[in-house]
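The values are calculated or read from the model by the stated rules, or taken from the named source; none is laboratory data. Just so it is clear, the model here is predicted, and its values are computed rather than measured. Positions of Cβ are generated from backbone atoms using ideal geometry, with glycine treated the same way; all protein chains shown enter the neighbour counts. Just the protein is used for accessible areas: all its heavy atoms, side chains included, with ligands, DNA and RNA removed. Shrake-Rupley method; radii C 1.70, N 1.55, O 1.52, S 1.80 Å.
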Amino acid sequence: MGTIMDIYGKKHKVIGCLGCHLRKNQIPSAGVVLGTKYFEVEQDTEIPIAAFMIIVSRRHFKGFGNLTKSEQKEFIKILAKVRKAMEKVLGIKVVYIFQNEDSTSHFHVWMFPRYKWMDKFGNKIESVRPIMEYARKKLKTKKNLEEVNKSREKLKKDLMK
Ligand SMILES: [Zn+2]
């Protein structure tokens, strides 16, 4: 992992593990909406889709099999809380939740919201990659970034209560 490009089109050097790097040198543009003892929830750093949230562990480990009892308890609470807030604050009806153990070695769970504009890319899991590529290439517009930031701030306000 060398460099990443954030949702604003800015490049950042990444030293070592991306998950650990982001915990230490938070890229300000993406933004954390909730921080707990074991996890952080943040706007995805690279894909400008409103309310595309990532739950990342503070500790470096690979997957659900490595969660301690305390982390297990906290994780399910956060997942439910964020999912509820997405619906309550932003009206999001469908969210895809993934954890890919082979994408990086640092535990992170995607909470990927479905919007009407995504329908032209099809449905279900096979539509996600084309949607992400479209967003990466075409949605770094001022208008969409404002939407991403607005959604993030709304979620943050609700989650920090
Ligand atoms: Zn890590």
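Rounded to the nearest 10 Å², what accessible area does Asp102 have for a 1.4 Å probe in the complete protein model?
We get 140 Å² for Asp102.
Taking the Cβ of Met5 as the centre, find all other residues whose Cβ is under 10 Å away and add up their charges (Lys, Arg: +1; Asp, Glu: -1).
Every neighbour counted, the sum reads +2.
Accessible area per residue for the chain in Å², computed with a 1.4 Å probe and the full protein assembly in place, what is it?
Solvent-accessible surface per residue comes out at 55 Å².
Relative contact order of the chain, please, whole-number percent, based on alpha carbon pairs below 8 angstrom and at least 6 residues apart.
28 percent
Taking a 18 Å limit on the Cα-Cα distance, which of the listed pairs Lys88/Lys150; Lys88/Lys157; Lys81/Lys116 fall beyond it?
Lys81/Lys116
For Lys93, list the aspartates and glutamates whose Cα falls under 15 Å from its own Cα; do not include residues on the same chain fewer than 8 positions away.
Counting by Cα, and skipping residues close in sequence, Lys93 has these aspartates and glutamates nearby: Asp119.
Would you mind checking the pairs Lys10/Lys77; Lys13/Lys137; Lys13/Lys84 and listing those with alpha carbons more than 31 angstrom apart?
Exceeds cut-off: Lys10/Lys77; Lys13/Lys84.
Can you pull the one-decimal nm distance between simple spin-label points at Lys124 and Lys137, each 7 Å off the Cα toward Cβ?
2.5 nm
With +1 on each Lys and Arg Cβ and -1 on each Asp and Glu Cβ, how big is the dipole of region 3-159 about its Cα centre, in debye rounded to the nearest 20?
That gives a dipole near 340 debye.
If each DSSP helix of 4+ residues adds -39,500 (n - 2.57) and the sum is divided by the residues in the chain, what number results at 222 nm, nearest 500 deg cm²/dmol?
Mean residue ellipticity, 222 nm, calculated: -11500 deg cm²/dmol.
Calculate the all-directions average of the projected area of the chain's alpha-carbon convex hull, and give it in nm².
Computed as one quarter of the Cα hull surface, the answer is 9.1 nm².
Which residue fluctuates most in the GNM of the chain (Cα springs below 10 Å): Lys11, Lys88, Lys120?
Of Lys11, Lys88, Lys120, the Gaussian network model singles out Lys120 as fluctuating most.
Report the gain in length on full extension from Ile15 to Asn100: 0.36 nm times residue separation, minus Cα-Cα distance, nm rounded to one decimal.
Here the segment from Ile15 to Asn100 would lengthen by 28.5 nm.
Find how much the distance from Tyr115 to Leu79 grows on full extension, using 0.36 nm per residue of separation minus their present alpha carbon separation; answer in nm with one decimal.
11.0 nm
Using a 10 angstrom cutoff on alpha carbons, build the Gaussian network for the chain and name the most mobile of Arg83, Arg136, Arg59.
Fluctuation is largest for Arg59.
How much net charge surrounds His106 when only the other residues with a Cβ under 15 Å from the Cβ of His106 are counted, with Lys and Arg +1 and Asp and Glu -1?
-2
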